[in-house]
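Working notes, beginning with the structure itself.
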Amino acid sequence: MQDFDKILELAREYKADMTKFLRDMVRIPSESCDEKKVVLRIKEEMEKVGFDKVEIDGLGNVLGTIGHGKRLIAYDAHIDTVGIGNRDNWTFDPYEGYEDDETIGGRGTSDQEGGMAAMVYAGKIIKDLGLEDEYTLVMVGSVMEEDCDGLCWQYIIKELGLKPEFVISTEPTDGGIYRGQRGRMEIKVSVSGVSCHGSAPERGDNAIFKMAPILQELEELHKNLITDDFLGKGSLTVSEVFSTSPSRCAVADSCSVSIDRRLTKGEDKDYALNQIRNLPAAQKAGAKVEMYTYERPAYTDLVYPTDCYFPSWVVEEEHVAVQSVAEAYRSLFKKEPRIDKWTFSTNGVSITGMFGIPTVGFGPGKEAQAHAPNEKTWKEDLVTCAAVYAALPKIYLTKV
């Protein structure tokens, strides 16, 4: 029987250590494909608190291992961040950050280096209290999620052969336990035209004008996408427009648009692509409809190409992994958890969406802080999450 009061006591005792570690990570800019320095800082902290093994894989993910048991569990925190955007929108230095009695500010505090800080100190609590058992726990600091969510876990599962029984995602969950999310796709629609001098446009075929009715039909398509009771409605928006022309005094000879397509349950890549291909205006214009691919080198210089397709996924509320997190929460805090879903996308798109390994979300911070200026997280969230992460594995073992 675990001493939940002692777990929570240690989590509170390590609040200052978690805060310092998180602030150290924030001070190291770590946008996608430039995470090397923050990965080395995480490796240092894992080794300091007593992980059994710490390694960095070929894509640049850092993996810290505790235990040697036969049941394999993993926790994930992506440790890359987005940029800071317009610096004028920040009231403090986004990399120096700040802290007060309750909060820690800086880029990556909620999204989602706070999850890494809580994970590492959960590992220390496990070591301190001798909570190791018939399990092996791998804590992953994953790279490139902001650029290409799930690519890191495609590599981990396919190239390292690491296939845990379930994964805890430490993305921010506003204090809840999350069990699903809509998926997404990055789609490109292109039409061709024929250029001519702009003084006599009738001699050419303007690709921008050919795209215009497609845009109107895309707007209508968005309104009629299907809805799932749990995940909500699929969505579609045009995010970019490109065109080519010999000059500003000529008719455009090509036009392309980028589409951010959010996929609810029951929608997959073929379904979404064919919806657009079958639009009357797209067929009339002979439009080419395709997915983007991601081929940007990791900081290790490895290129690991993938389609920009990130499936939706749901784990049933009754699943043993979801219920184990809920029991850990109840045992520590004597109240019922909120079980819900994410609005945004996570590495679960590959862990669960592609490979069928259950993902359960429980992480410090708030979704609304992600990608926003003046990003912050809450110190008490770090304590809460570290305690749940430490208590969880032994609870899971009692249920399987």
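The values are calculated or read from the model by the stated rules, or taken from the named source; none is laboratory data. What you are looking at is a predicted structure, and each value in this text was computed from that prediction instead of being measured. Methodologically, a virtual Cβ is constructed for each residue, glycine included, from the backbone with ideal geometry; neighbour enumeration extends over all protein chains shown. Note: accessible area is taken over every heavy atom of the protein model, side chains too, but ligands, DNA and RNA are not part of it. Shrake-Rupley method; radii C 1.70, N 1.55, O 1.52, S 1.80 Å.
Worth a mention:
- Residue-level accessible surface for L332, protein heavy atoms, 1.4 Å, Å²: 10
- Karplus-derived 3J(HN,Hα) values for the range 76-81, using 6.51 cos²θ - 1.76 cosθ + 1.60 with θ = phi - 60°, are 10, 9, 6, 10, 8, 10 Hz; glycine and proline are entered as x.
- Solvent-accessible area assigned to carbon and sulfur over the range 63-104 amounts to 43 percent, based on a 1.4 Å probe.
- R0 of 45 Å, Cβ-Cβ distance D133-E219: FRET efficiency to nearest 0.05: 0.25
- Most fluctuating residue given options S169, S192, S142, as computed from a GNM of the chain linking Cα atoms under 10 Å: S192
- Under 5 Å, built H, 5+ apart or other chain: amide partners of N206: V194
- Ordering of 379-391, 207-219 by packing [mean C-beta count within 10 Å, highest first]: 379-391, 207-219
- Heavy atoms of K366: accessible area, 1.4 Å probe, square angstrom to 10: 80
- Across the range 377-393, rounded Karplus estimates of 3J(HN,Hα) from the backbone phi angles (6.51 cos²θ - 1.76 cosθ + 1.60, θ = phi - 60°) give 9, 10, 4, 5, 5, 4, 4, 4, 5, 4, 5, 5, 4, 6, 7, 4, x Hz, Gly and Pro being marked x.
- Nearest 10 degrees, 0 to 90: helix 36-49 Cα axis against the chain principal axis: 20
- Within the listed set D80, D133, D149, the Gaussian network model of the chain (springs between alpha-carbon atoms below 10 Å) gives the highest mean-square fluctuation for D133.
- Relative packing of 269-279, 349-359, 64-74, which averages over residues the other C-beta atoms within 10 Å, highest first: 349-359, 64-74, 269-279
- Rounded to the nearest 10 degrees, the angle from helix 4-13 to the longest Cα principal axis of the chain is 70 degrees.
- Within the listed set V360, V322, V189, the residue fluctuating most in the Gaussian network model of the chain (springs between alpha-carbon atoms under 10 angstrom) is V189.
- T227/E336 FRET efficiency (R0 30 Å; Cβ-Cβ; nearest 0.05): 0.65
- Those lysines that a straight Cα-Cα span of less than 26 Å connects to K399, excepting residues fewer than 8 apart in one chain: K6, K70, K124, K127, K163, K334, K335, K341
- Cα gyration tensor shape for the range 209-316, rounded if a/c is under 1.5, else prolate or oblate: oblate
- The range 31-53 and the range 320-397 have Cα centres separated by 21 Å.
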